[in-house]
Amino acid sequence: MSQPESAAVSPSTAISCIAVDDEPLALGLVCSFIEQTPFLKLVGRYSSAVAALKALHEQPEVKLLFLDIKMPDLSGLELARVLQGGGQRVIFTTAFNQYALEGFRVDALDYLLKPFNYEEFLRAALKAKAFFELKSPAAPAPVATAPAPLPEDHIYLKVEYQLVRVMLADILYVEGLKDYVKVHLASQPRPLLSLTSLRSMEEKLPAGRFMRIHRSYIVGLDHVAAVGRGNLQVRTETLPVSDGYREAVDAFFARWK
């Protein structure tokens, strides 16, 4: 039978946690360790995983479970699988080392092997503290007083041994080669050859003005002159649209109909 028990008052930033173990002495030890750790807040102690699961539905603020593995009805591993993908995390406390690998498969933060002392417990608790601090959203940045920058109208490309400024409006299409890209421009007959990948160019070019249409081509949408069956015409060039990009291309150019 589970006995929920409130912990001493802790700071509001403390991690709310519960202890689950069917052995009273082990449960008492873990609870005492939690209560002497300033950044942990004990909000419940349970002698079965079934009782703990019910309590978690009633206490959504609980973020951390100190969980025994071998228990009747529902094991600690089974409870961890039920919780996997949710907001809670688990530190296993068990006398059986053969479950360590399975424990980490269910995203356990740590695996304490009984008997463990407070120093070992604290190391595991600090891992949990670091995890939740990293997961917490950062404080909002102060409101900028300077005017917002204008949208960039150019990019820089490494061409031979120099950086070349290229206006976005000048780019007809980009053609991917093995280790290079050819950037075809409206202002000059010869394309620029740059040592970069087409994926890198796709990330650099604004999505509202450029679209990937093929594993080898990105087009400047303002320069598309015609849309055919499985191809686009850019100036005098007819560029293929591959199956993987056809749905997005068709959806964009549906406005032409």
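Couple of notes before you dig in:
- Under 5 Å, built H, 5+ apart or other chain: amide partners of Lys41: Ile15, Ser16, Cys17
- Cβ-based net charge around Asp170, under 12 Å, with every Lys or Arg adding one and every Asp or Glu removing one: 0
- The stretch between Arg215 and Ser187 holds 7.6 nm of extra length on full extension. This uses 0.36 nm per residue minus the Cα-Cα distance.
- Subtracting the Cα-Cα distance of Asn97 and Asp222 from their residue separation scaled by 0.36 nm leaves 38.7 nm.
- Mean Cβ count within 10 Å, highest first, over the residues of peptides 175-182, 59-66, 153-160: 59-66, 175-182, 153-160
- Listed by chain and number, the lysines whose alpha-carbon sits under 26 Å from that of Lys158, ignoring those within fewer than 8 places in the same chain, are Lys178, Lys182, Lys204.
- Of the peptides 194-205, 38-49, the ranking by mean beta-carbon count within 10 Å, highest at the top, reads 38-49, 194-205.
- Prolate is the label for segment 154-256, because the ratio a/c of its alpha-carbon gyration tensor axes (a ≥ b ≥ c) is 1.5 or higher and a/b is greater than b/c.
- The string of couplings for segment 229-242 from the Karplus curve (6.51, -1.76, 1.60, θ = phi - 60°) is 7, x, 7, 10, 9, 10, 6, 9, 9, 9, 10, x, 10, 7 Hz, one whole number per residue in order, with x for Gly and Pro.
- Amide hydrogen neighbours beyond the local backbone of His214, cut-off 5 Å, H modeled: Ser242
- Amide H contacts of Asp22: none lie under 5 Å away among residues 5 or more positions distant or on a separate chain (H built 1.01 Å from N in the peptide plane; Pro and chain starts excluded).
- Stretch gain in nm, segment Gln36-Leu163, where the contour uses 0.36 nm per residue and the Cα spacing is subtracted: 39.8 nm
- Residue-count net charge about Ser75 - beta-carbon cut-off 15 Å; Lys, Arg +1, Asp, Glu -1: -4
- Taking packing as the residue-averaged number of other Cβ atoms within 10 angstrom, the listed peptides 239-249, 121-131, 86-96 run from highest to lowest as 86-96, 121-131, 239-249.
- Cα-based shape type of segment 55-127, given that a ≥ b ≥ c are square roots of the gyration tensor eigenvalues and the cut on a/c is 1.5: oblate
- Quarter the surface of the alpha carbon convex hull of the chain and you get the mean projected area, 23.0 square nanometres.
FYI, it's all coordinate maths here, none of it is from the lab. Here the structure is a predicted model, which is why all the values come from computation and not from measurement. Glycine also receives a Cβ, built like all others from the backbone with ideal geometry; neighbour counts cover every protein chain displayed.
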